[in-house]
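Structure first, commentary second.
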Amino acid sequence: MADNKPTYYLTTPIYYPSGKLHIGNSYTTIACDAEARFKRLMGYDVEFLTGTDEHGLKIEEKAAELGKDPQAYVDEMAAGIKDLWKLLEISNTNFIRTTDDYHEAAVQQIFEQLLAQGDIYLGEYEGWYSVSDEEYFTETQLAEVYKDENGKTIGGKAPSGHDVELVKEESYFFKMSKYADWLLDYYKQHPDFIQPAARMNEMINNFIKPGLEDLAVSRTTFNWGVKVKSNPKHVIYVWIDALTNYITALGYGSNDDSKFKKYWPGTHMVGKEIVRFHTIYWPIMLHALGLELPKQVFGHGWLLMKDGKMSKSKGNVIYPETLVARYGLDAMRYYLLRAMPYGNDGIFTPEDFVDKVNYDLANDLGNLLNRTIAMINKYEGGKVTVDSTASTEFDADLEKTATDVIAEFKELMDDMHFADALKAVWKLIARANKYIDETEPWVLAKDDSKKDVLSAVMGNLAKSLRVIAGLLQPTMTHAPVEMLRQLGVKDTSLDIKNLTFNSFPAGAVVVEKGTPIFPRLDTEQEVAFIQDKMTADEKKKGRAAMEEAKKAAQTNAEEDADGKKPIRIDVFDKVELKVAQVKAVGHVEGADKLLKFQLDDGSEDGRQILSGIAEWYPEPEVLLNKKVLIVANLKPRKMRGEMSQGMIMSAEHDGVVTVVTVPDSLVNGSGVE
């Protein structure tokens, strides 16, 4: 019964309905859906919220541009987003719109409470405002400043690249500065509050330590929003209106707050660009209201294209409806969750998408299922034997792999390491495929004395597939059900909490002829299809922009814009790059920034490398068994008493460092040309 279950409350950000959502926007909701499904399969009573943020000047202007009433415009956009979530089979239990009457009433009540207790005061704001970002900036915060002939600032661009305009108006302010020391102390007492941990350092160093300024929380220059009850010429500014949705959706501020009492506090997942609002402004607002803070805030990276962020002007946008219609929902859900490394940016390319469908889904998973079903029919008359006492020397390792993967998967999903959780499942898939090659069922079938052994081998493969299907349930909504159906398992919704290798039901009979769950794609044809669908109406403009960017990059390299002189090819040839596999990794005692790696580089003894990337890998174990690139011919040197024999290659973007990993198929010690 639900009342006896532990509760879990999970939220996406509420989406701004100013345009059509692309696959980058969809990632957050799919990731939250996978987590919500996982928690339900672990026995939790899950409340899962998503919704739309429908107020503000940008919406008012967009509606006017289209000749529509703002409410009619957001009604249409919200309906489209709901339809998209249905297409993606998002299992949210609630959907909030900030134009909902109950939300607006609660926001007004919250504002008046904060005003009455002195946390909000009336003043005057003068500064630069970006309509697109819905954010205020000081002149020093602008990425670009425009001045007239007299040197007076007349405009500029926000860090996002959007234009700003000078705003001077009466405004209410929230006393954020009053709570800066409290917030720092809260971070210290709750080191896991912001994930990944590097995001917390960013909040502290970039926003709190330089001085937390009071926040303007009302506007008088537009009307589309929630009015301040005691001073209706003011519209409550977006962040109080938007952030409070997480509690008003549960009934906070209404006559029935039973859901709030049951489910709060919750866990928020947001994109890294709005971590600041969720980990600085939102905690302070909650504290001022006397409420508990969220359990955690996860700030994931962006899904980028090779030429940067998705943008219609670049002609590089791909929409989820396109991929689902062509390749099915599971392929898209799998790709997004596997392509996004924890906390860091992922890069979408048509080639990578097609490769993951072909190699991971069609070859690895699909072939394992197809071969198993075919062999059980051929050798066992379709019946799955699960109680055989016969065995092979490979059985114990297969079962251990399955048991270890189940435990690893649960731990990784609890921590929202979706890509790594899927990678763990693929360990079992790889082990089961190897098990077929080791046991050689086609050879066993020729020896009547090995009949029981053959039955046991077929049973172990069926058990492995059942575990795989069970673990894939949170991420894929169709393939696991079909896998279990083909295996003859009637219960097609498996409890992950109690999932074990040996819990395959007795008496199962597989289907007479298995159907491939992921047909193999024609790489060239499908890559061309996806490229053609990347915002076709903007493609010419986008290609021109990409060509211009490419030329600019070449020019910058030649002109030594970053201060690094160009080198000749004969100099570069002296650098020896090799593939190596991480066998052990941990912190260096007494050195906060250093990680110590033990690597298999194909040599007899391997090598040790120290790398100053601990800040970006607070849980360095995520790098275990990954294959990386190393500079192998650097002169060894001592660091903190430890020898470092080379360098691990990494990439840096927006201040976040990510270790460069390579496919598992590459041989340890192989050179990189």
Criterion: open to solvent by 20 Å² or more (accessible area, probe 1.4 Å) and outside any helix (DSSP H, G or I) - qualifying residue of TYR342, TYR359: TYR342
Test: residue in the range 300-307 that is small (Gly, Ala, Ser), surrounded by 20 or more Cβ atoms within 10 Å (Cβ to Cβ) and more than 30 Å from PRO663 (Cβ to Cβ): no
Any chance ILE81 is more than 24 Å from HIS103 (Cα to Cα), among the β-branched types (Val, Ile, Thr) and not in a strand (DSSP E or B): no
Candidate set: the range 384-397, residues that are free of Cβ contacts under 8 Å to residues at least 60 places away in the same chain and in a loop (DSSP other than H, G, I, E, B); chosen: the one most open to solvent (accessible area, probe 1.4 Å): GLU393
Top-ranked residue of the range 314-339 - restricted to ones that are among the basic types (Lys, Arg) and in contact with a Leu (Cβ under 9 Å, 6 or more places away or on another chain), ranked as surrounded by the fewest Cβ atoms within 10 Å (Cβ to Cβ): ARG338
Selection count where residues are under 27 Å from MET413 (Cα atoms) and either open to solvent by 80 Å² or more (accessible area, probe 1.4 Å) or among the charged types (D, E, K, R) (or both), scope the range 594-640: 6
Pick from the range 88-105, criterion within 25 Å of ALA63 (Cβ to Cβ) and of a type in the set (A, V, I, L, M, F, W, C), ranking: most open to solvent (accessible area, probe 1.4 Å): ALA105
Residue match in the range 16-34 (condition: under 21 Å from LEU336 (Cβ atoms) and in a strand (DSSP E or B)): no
Residues (open to solvent by 90 Å² or more (accessible area, probe 1.4 Å) and part of a loop (DSSP other than H, G, I, E, B)) located in the range 131-153: GLU149, ASN150, LYS152
Filter pass, PRO519 being in a loop (DSSP other than H, G, I, E, B), open to solvent by 70 Å² or more (accessible area, probe 1.4 Å) and in contact (Cβ under 8 Å) with a residue 40 or more places away in the chain: yes
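What residue, of LYS400, LYS446, LYS427, is part of a loop (DSSP other than H, G, I, E, B), of a type outside the set (Asp, Glu) and without any contact (Cβ under 8 Å) to a residue 40 or more places away in the chain?
LYS446
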Meets criteria (of a type in the set (A, V, I, L, M) and part of a helix (DSSP H, G or I)) for VAL405: yes
Failed criterion for PRO505 (all others in (1) at pLDDT 90 or above; (2) open to solvent by 90 Å² or more (accessible area, probe 1.4 Å); (3) more than 30 Å from VAL622 (Cα to Cα); (4) not acidic (Asp, Glu) hold): (2)
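Working carefully through the options GLU538, GLU526, GLU512, find the one that is in contact with a helix residue (DSSP H, G or I) (Cβ under 8 Å, 6 or more places away or on another chain), part of a helix (DSSP H, G or I), at pLDDT 90 or above and on the phi < 0 side of the Ramachandran plot.
Of GLU538, GLU526, GLU512, the one residue that is in contact with a helix residue (DSSP H, G or I) (Cβ under 8 Å, 6 or more places away or on another chain), part of a helix (DSSP H, G or I), at pLDDT 90 or above and on the phi < 0 side of the Ramachandran plot is GLU526.
The values are calculated or read from the model by the stated rules, or taken from the named source; none is laboratory data. Remember, predicted model here, so these are calculated numbers, not experimental data. Cβ: placed from backbone, ideal geometry, glycine included. Neighbour counts: every protein chain shown. When the accessible area is computed, the model is the full protein with side chains, heavy atoms only, and any ligands, DNA or RNA have been set aside. Shrake-Rupley method; radii C 1.70, N 1.55, O 1.52, S 1.80 Å.
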